[in-house]
1. Could you check, for region 3-25, whether at least one of its residues is farther than 18 Å from Thr111 by Cβ, part of a loop (DSSP other than H, G, I, E, B), free of Cβ contacts under 8 Å to residues at least 40 places away in the same chain and of a type in the set (S, T, N, Q)?
2. Output the residue which, of all residues in region 18-43 that are touching a strand residue (DSSP E or B) at 6+ places or on another chain (Cβ under 8 Å) and surrounded by fewer than 17 Cβ atoms within 10 Å (Cβ to Cβ), is modelled with the lowest pLDDT.
3. Please determine, by comparing only the residues of region 26-51 that are of a type in the set (Lys, Arg) and in a loop (DSSP other than H, G, I, E, B), which one is nearest to Phe177 (Cα to Cα).
4. Out of the residues in region 44-55 meeting the condition of being closer than 16 Å to Trp88 by Cα and surrounded by 12 or more Cβ atoms within 10 Å (Cβ to Cβ), tell me which one is nearest to the chain's Cα centre (by Cα).
5. Give me a count of the residues in region 52-94 that are hydrophobic (A, V, I, L, M, F, W, C), in contact with a strand residue (DSSP E or B) (Cβ under 7 Å, 6 or more places away or on another chain) and part of a helix (DSSP H, G or I).
6. Pick from region 114-133 the residues that are in contact (Cβ under 8 Å) with a residue 40 or more places away in the chain and loosely packed, with under 14 Cβ neighbours inside 10 Å: which of them is farthest from the chain's Cα centre (by Cα)?
7. Do you know which residues across region 134-153 are in contact (Cβ under 8 Å) with a residue 40 or more places away in the chain and farther than 21 Å from Pro9 by Cβ?
8. Here are some residues: Arg73, Arg126. Which one is in contact with a Phe, Trp or Tyr (Cβ under 8 Å, 6 or more places away or on another chain) and either among the small types (Gly, Ala, Ser) or more than 23 Å from Ile41 (Cα to Cα) (or both)?
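The values are calculated or read from the model by the stated rules, or taken from the named source; none is laboratory data. Model, not experiment: these values are computed from the prediction. As a convention, Cβ positions derive from the backbone with ideal geometry for all residues, glycine included, and neighbour counts pool all protein chains shown.
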Amino acid sequence: MAEYHLTGPLTDADVEKLNIGDMVYISGEAFTCRSRLQKYIFDEKNVLPFSTAGRNILIHNGPIVIKENGQWRLVSFMPTSSIRFEKWGAQSVDQWDLKMIVGKTTMGKETAQMMKEKKCVHVSPRSVSPNLWIDSIEVQDVYLYDELGRIEAAWFFKLHELGPFIVDIDTKGQNLFDRLDEQISENKDKALQELGIDPDFQFTKLY
């Protein structure tokens, strides 16, 4: 396991060196996205009102942001579960030229395949309280605030050593969570065998 400190916009070389299990800290410009933004663009065929050319880090997040004295202030931040957005994952990577998606959990096979083709990775938070990250994030701007609302809008952030994150999908198509699932399944089968428990055992359901 290696540790990297990356600054966006990210290049192919930046992400190709990452392997599942590596630790990453992120600096540079990023933008947020949840389901409403992706539905607005991909399903409802609206045009994304900004370029992702120099901002190719996407965070699956609905931040809590308030306005004080004419300035946006970040109150709370935590990436949300990325698998919720698998429907649009491959399109996001392809059409927005993403090099990194930040979110909890992982993503599915279609997104992972597109990440392999387009050189993109997915990273997940590693045991960090969300409010410890606030000082690492500067709110720059917001798009589609009126159309999508405060939580679902696209927020522009500037990151300063945000992390740590763990790489769970790399550009080689490897998925850390799939590997962990295999290990857990093997350990479970071994434990059941050692304990003499039928592998078809079903947990008791209480109603």
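1. No, region 3-25 contains no residue that is farther than 18 Å from Thr111 by Cβ, part of a loop (DSSP other than H, G, I, E, B), free of Cβ contacts under 8 Å to residues at least 40 places away in the same chain and of a type in the set (S, T, N, Q).
2. Filtering region 18-43 for residues touching a strand residue (DSSP E or B) at 6+ places or on another chain (Cβ under 8 Å) gives 18-34, 37.
Pick out the ones that are also surrounded by fewer than 17 Cβ atoms within 10 Å (Cβ to Cβ) and you get 19, 21.
Values: Asn19: 96, Gly21: 93.
Only one residue tops the list, namely Gly21.
3. Going through the qualifying residues, I end up with Arg34.
4. Kept after step one, since they are closer than 16 Å to Trp88 by Cα, are these residues of region 44-55: 44-48.
Okay, now just the ones that are also surrounded by 12 or more Cβ atoms within 10 Å (Cβ to Cβ), so 46, 48.
Numbers: Asn46: 23, Leu48: 19 Å.
Of everything passing the filter in region 44-55, Leu48 is nearest to the chain's Cα centre (by Cα).
5. 1
6. Taking region 114-133 and keeping what is in contact (Cβ under 8 Å) with a residue 40 or more places away in the chain, we get 115-116, 119-126, 130-131, 133.
Keeping just the survivors that are loosely packed, with under 14 Cβ neighbours inside 10 Å gives 126, 131.
On the way: Arg126: 12, Asn131: 18 Å.
Once the filter is applied, the top-ranked residue is Asn131.
7. Ile134, Leu144, Glu147, Leu148, Gly149, Arg150, Ile151, Glu152, Ala153
8. Working: Arg73 fails: in contact with a Phe, Trp or Tyr (Cβ under 8 Å, 6 or more places away or on another chain).
When all the criteria are applied, what remains is Arg126.
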